[in-house]
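Visitor: Handing you a structure now.
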Amino acid sequence: MTAIYKHILGGKQGAIGLAILAALIFLVLPLSLDIFRLNLVGKYLTYAFAAVSLVLLWGYGGILSLGQGVFFGLGGYCMAMFLKLEASSPENTAIQSTPGIPDFMDWNQLTQLPWFWQPFDSFGFTLFAILAVPALLAYIIGVAMFKRRVGGVYFSIITQAIAAIITILIVGQQGLTGGINGITDLKTLHGWDIRADSAKLFLYYLNGALLIGVILLSRFILSSKLGRLMLAMRDKEDRVRFSGYDVSNFKIFMFCVAAMISAVGGAMFTLQVGFMSPSFVGIVPSIEMVIFAAVGGRMSLIGAVYGALIVNFGKTFFSESFPELWLFLMGGLFIAVVMFFPNGLAGLYEKYGNQALAKLKGMLRKPAPPAEPVNEVAATPAREAA
Amino acid sequence: MSSETDFTLAVEDLTVSFDGFKAVDGLNLYVDRNELRVVIGPNGAGKTTVLDLICGKTKATTGSIKFKNHELTTLSEHEIVRAGVGRKFQTPSIYENLSVYENLEISYPAKRGVWGCLAFKRTAEIDQRVREIATEIFLQDSLDMEAGLLSHGQKQWLEIGMLLIQDPELLMLDEPVAGMSVKEREQTAELLNRIAKGRSVIVIEHDMEFVKNIAHKVTVLHQGKILAEGSMDKVQNDPKVIEVYLGH
C-alpha cells in the first residue's frame with residue numbers, strides 16, 4: 001500500500017496535486033460551466049494527453065517529438081472511421097449511388113469500401129487499433145531512428161517531416177480519408193447519440209478519468225527504474241550504453257508509450273468534438289502540443305494538463321477577440337517560457353508557490369484553512385511527484 | 001589469426017583509420033589476469049582510441065580484439081559490457097541528477113531490458129551490494145547526495161564504483177586521477193591496487209608518480225604504435241621513450 005502511495009501517487013505532494021486536479025476536472029468545472037463550455041474544456045483536455053506524453057518523452061527522456069499530432073490524429077481517425085461507418089448504414093445513405101459507404105467516398109466515385117476500412121466495423125477492433133496503429137508507426141520510426149543513433153535536433157526535424165507527410169497523405173487521398181475536410185457528420189456509437197448533452201457530459205467524465213489514469217500510468221513508469229534510466233540517458237547516454245543497456249530499446253519503448261497516450265487523446269477528441277480532420281495532425285498542432293507541455297512545465301505531468309488548459313483558454317479567448325494576434329502571442333509565450341521560466345508554470349509554482357503557501361499557512365494558522373485556490377497551478381515538484 | 005591465448009585481453013594487428021589517418025596502427029597488446037597495465041604516451045598517441053576500440057565505441061578498420069578468446073569487434077557496446085568489460089571515461093561520466101545510490105543501482109548488472117526495468121524492485125541483495133561498493137569508493141556517507149554535488153574527485157570514484165558493481169573482468173580507466181588532490185590520488189592508488197585482484201585493469205594516466213605507484217607493466221604508445229613495453233624503470237630509461245615523451 002505504502003509503495004503504491006509513494007510510487008504512483010507520488011507521495012504527499014503528488015497526491016495533493018492530483019487531488020486538486022481531479023477536483024477541478026470532476027467538480028469545479030462541471031458545476032461552474034454550461035454544457036457547451038464544458039465540452040470545450042473536454043476538447044482542451046484531450047490535448048492534455050499529448051502534453052502529458054511529451055512530458056514523458058521530452059521532459060524526462062530528452063527526446064523532442066515535433067510529431068505528436070500524428071499519433072493524436074491516428075487515434076482520432078481510428079475512432080472516426082468506426083463512427084463514420086456506423087453513420088453510413090445503407091438506410092442513411094440510400095440516396096448515394098453506392099449506399100452503405102461513407103459519403104465522401106461516394107463523392108469520389110468509390111464503389112466499394114476500401115480494405116483497410118472494413119475491420120473498423122467492429123468496435124473491439126477499433127479500440128485495439130486506436131492503440132496499436134500509432135504504436136506500430138512509432139515503433140517503425142523508433143527502430144529506424146534510434147537504432148541508427150539519430151537523436152537530438154535531427155530526430156525532431158524528422159518527426160516534423162513525418163507530420164507534414166502524413167498530413168499531405170491524408171489530404172491527397174480524399175476518397176479514402178475524407179481529405180482536407182476530414183471525417184465529419186459522426187452521430188452515434190452503437191446507437192448512442194454522442195451529440196446529446198447527456199452523452200457529452202458522460203464523455204467529458206470518461207475523458208477526465210482516462211487522463212487521470214494516464215497520469216498514474218506515467219508516474220508508475222517514471223518511478224520505476226526505467227524512469228531513472230530515462231533521466232540517466234538524457235544526461236549521459238554513453239554512460240548508460242556502457243553500463244550494459246541497449247539505449248535504443250528504451251527510447252523506442254518511450255516513443256511508443258507516448259504515441260499511445262496521444263492517440264487516446266485523439267480518440268476522445270473525435271468522440272467529443274464529432275469529427276476528425278488533418279488540421280489536428282500536421283506540424284502546427286504538433287508544435288502547439290509542445291507549447292502546452294512547455295508552458296505547463298516539461299518535467300511535470302500535472303503541469304502539462306494545466307498548460308494545455310490555460311493555453312487553449314487563451315487561444316479561444318484571444319482568437320475570438322483578436323484573431324490575427326493569437327499566433328504572435330503564442331510564439332511570444334513560447335519564447336518567454338524558454339527564456340524566462342524554462343520549467344514552466346510548475347517551475348514557477350515550485351519556486352514561488354510553496355513559499356507563498358507557507359506564508360499563507362503562517363498567517364492563517366488560527367482561522368479555518370483557506371479555500372483551495374483553483375488557479376493555483378498545483379504542479380508537484382517534478383522529481384518527487386513523478 | 002584466431003589463436004587461442006591465456007590472456008584476458010589479446011589485441012592483435014589492430015588498426016583504425018580516420019579518413020586515412022591511422023590513429024592506431026597495427027597494435028598488439030596482451031593483458032593478463034590480475035595484471036594492472038598502464039598505458040602512457042604523448043597527446044594524440046592513440047591511448048583513448050585504443051580504449052574506444054576495445055569497448056566498441058569506435059569500430060576497428062582491421063585487426064582483432066579477443067576478450068577471453070571471444071572476438072569483441074563484432075559486438076555492440078552493451079554486449080561488450082555484458083561480456084565483462086567496463087570502461088571509465090576521461091571526464092567523470094555520472095548521472096548528475098540522480099543520487100549516488102541511484103547511480104550505483106542503475107549500474108547494477110540485473111534487469112537491463114525494458115520490461116525488466118519496469119518490474120525492477122530494490123532487493124536486499126542489491127542494497128547490500130550498493131552499500132558495499134559505496135564503502136569501497138569512500139562514498140558510504142554520501143549515498144543520498146545528488147551526484148552532481150560531489151567534488152570532482154568523488155565523481156571519479158563514483159564512476160569507478162559504477163563499474164565495480166558490474167564486477168567486470170576487464171576494467172579500463174581513462175585518467176582516473178585527473179583533477180584529484182594529492183590525498184585523493186593516494187586513496188585512488190590504494191583503491192586500484194585493491195580492485196586489480198581477480199581481474200585485469202588497463203589505466204591511461206599522465207601522472208608519473210601515480211603510474212609508479214600502481215603499474216605492474218607500462219606500455220608506451222606513440223603515433224598509434226607501441227614504442228616500448230615493460231616495467232616502469234625499464235621504460236623510463238628507454239632512450240626512445242625519453243626522446244618522444246619524458247624528455248619534453
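Visitor: If you go through segment A:234-247 one residue at a time, how many are assigned to a helix (DSSP H, G or I) and open to solvent by 10 Å² or more (accessible area, probe 1.4 Å)?
Guide: 5
Visitor: Give the residues of segment A:223-260 that are charged (D, E, K, R) and either under 12 Å from B:G113 (Cβ atoms) or more than 7 Å from chain B (Cβ to nearest Cβ) (or both), sorted by residue number.
Guide: A:K225, A:R234, A:E237, A:D246, A:K251
For (1) out of contact with any helix residue (DSSP H, G or I) (no Cβ under 6 Å at 6 or more places or on another chain); (2) buried (at least 18 other Cβ atoms within 10 Å of the Cβ); (3) on the phi > 0 side of the Ramachandran plot; (4) without any contact (Cβ under 8 Å) to a residue 60 or more places away in the chain, each residue gets a yes or a no:
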position	(1), (2), (3), (4)
A:K12	yes, no, no, yes
A:L18	yes, yes, no, no
A:A23	yes, no, no, no
A:N39	no, yes, no, no
A:F71	no, yes, no, no
A:G75	no, yes, no, no
A:M81	no, yes, no, no
A:G100	yes, no, yes, yes
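Visitor: Considering every residue within segment A:148-171, establish whether at least one is open to solvent by 40 Å² or more (accessible area, probe 1.4 Å) and not in a helix (DSSP H, G or I).
Guide: yes
Visitor: Would you confirm whether any residue within segment A:114-129 is touching a Leu at 6+ places or on another chain (Cβ under 6 Å), closer than 26 Å to A:A258 by Cα, of a type in the set (V, I, T) and open to solvent by less than 60 Å² (accessible area, probe 1.4 Å)?
Guide: Checking segment A:114-129: not a single residue is touching a Leu at 6+ places or on another chain (Cβ under 6 Å), closer than 26 Å to A:A258 by Cα, of a type in the set (V, I, T) and open to solvent by less than 60 Å² (accessible area, probe 1.4 Å).
Visitor: Let me ask you something else. Can you pull out the residues in segment B:1-48 that are of a type in the set (A, V, I, L, M) and in contact (Cβ under 8 Å) with a residue 60 or more places away in the chain?
Guide: Scanning segment B:1-48 gives B:M1, B:L9, B:A23, B:V24, B:L27, B:L29, B:V31, B:L36, B:V38, B:V39, B:I40, B:A45.
Visitor: Sticking with this one: Being assigned to a helix (DSSP H, G or I) and touching a Lys or Arg at 6+ places or on another chain (Cβ under 7 Å), is that true of even one residue in segment A:121-136?
Guide: No, because not a single residue in segment A:121-136 is assigned to a helix (DSSP H, G or I) and touching a Lys or Arg at 6+ places or on another chain (Cβ under 7 Å).
Visitor: Tell me which residues, restricted to segment B:48-77, are open to solvent by less than 20 Å² (accessible area, probe 1.4 Å) and more than 10 Å from chain A (Cβ to nearest Cβ).
Guide: Correct list: B:V50, B:L51, B:L53, B:I54, B:S64, B:I65, B:F67, B:L72.
Visitor: Return yes when B:Q128 is in contact with a helix residue (DSSP H, G or I) (Cβ under 7 Å, 6 or more places away or on another chain) and either modelled with pLDDT of 95 or more or over 23 Å from A:G61 (Cα atoms) (or both) and no when it is not.
Guide: No: the conditions fail for B:Q128.
For (1) under 14 Å from the mean Cα position of the chain (by Cα); (2) open to solvent by 10 Å² or more (accessible area, probe 1.4 Å); (3) at pLDDT 90 or above, each residue gets a yes or a no:
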position: B:D144; (1), (2), (3): no, yes, yes
position: B:L149; (1), (2), (3): no, yes, yes
position: B:I160; (1), (2), (3): yes, no, yes
position: B:D174; (1), (2), (3): yes, no, yes
position: B:E243; (1), (2), (3): no, yes, no
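Visitor: Among the residues of segment B:104-134, what is the count of those that are more than 14 Å from chain A (Cβ to nearest Cβ) and surrounded by 12 or more Cβ atoms within 10 Å (Cβ to Cβ)?
Guide: Here the count works out to 4.
Visitor: Right, another one. Given the criterion closer than 25 Å to A:V28 by Cβ, away from chain B (no Cβ under 14 Å) and in contact with a strand residue (DSSP E or B) (Cβ under 8 Å, 6 or more places away or on another chain), identify the matching residue among A:F313, A:F275, A:F292, A:F269.
Guide: A:F269
Visitor: If a residue must be buried (at least 16 other Cβ atoms within 10 Å of the Cβ) and of a type in the set (G, A, S), how many such residues does segment A:185-214 contain?
Guide: Going through segment A:185-214 one residue at a time, the tally reaches 2.
Visitor: Do you know which of the residues in segment B:78-101 that are within 19 Å of B:T8 (Cβ to Cβ) and in a helix (DSSP H, G or I) is most open to solvent (accessible area, probe 1.4 Å)?
Guide: B:R82
Visitor: Would you be able to tell me the number of residues in segment A:304-341 that are under 21 Å from the mean Cα position of the chain (by Cα) and open to solvent by less than 70 Å² (accessible area, probe 1.4 Å)?
Guide: 16
The values are calculated or read from the model by the stated rules, or taken from the named source; none is laboratory data. From a predicted model like this one, the values you see are computed outputs, not experimental measurements. All Cβ positions, glycine included, derive from the backbone under ideal geometry; neighbour counts span all protein chains shown. Surface areas here come from the heavy atoms of the whole protein model, side chains and all, with no ligands, DNA or RNA. Shrake-Rupley method; radii C 1.70, N 1.55, O 1.52, S 1.80 Å.
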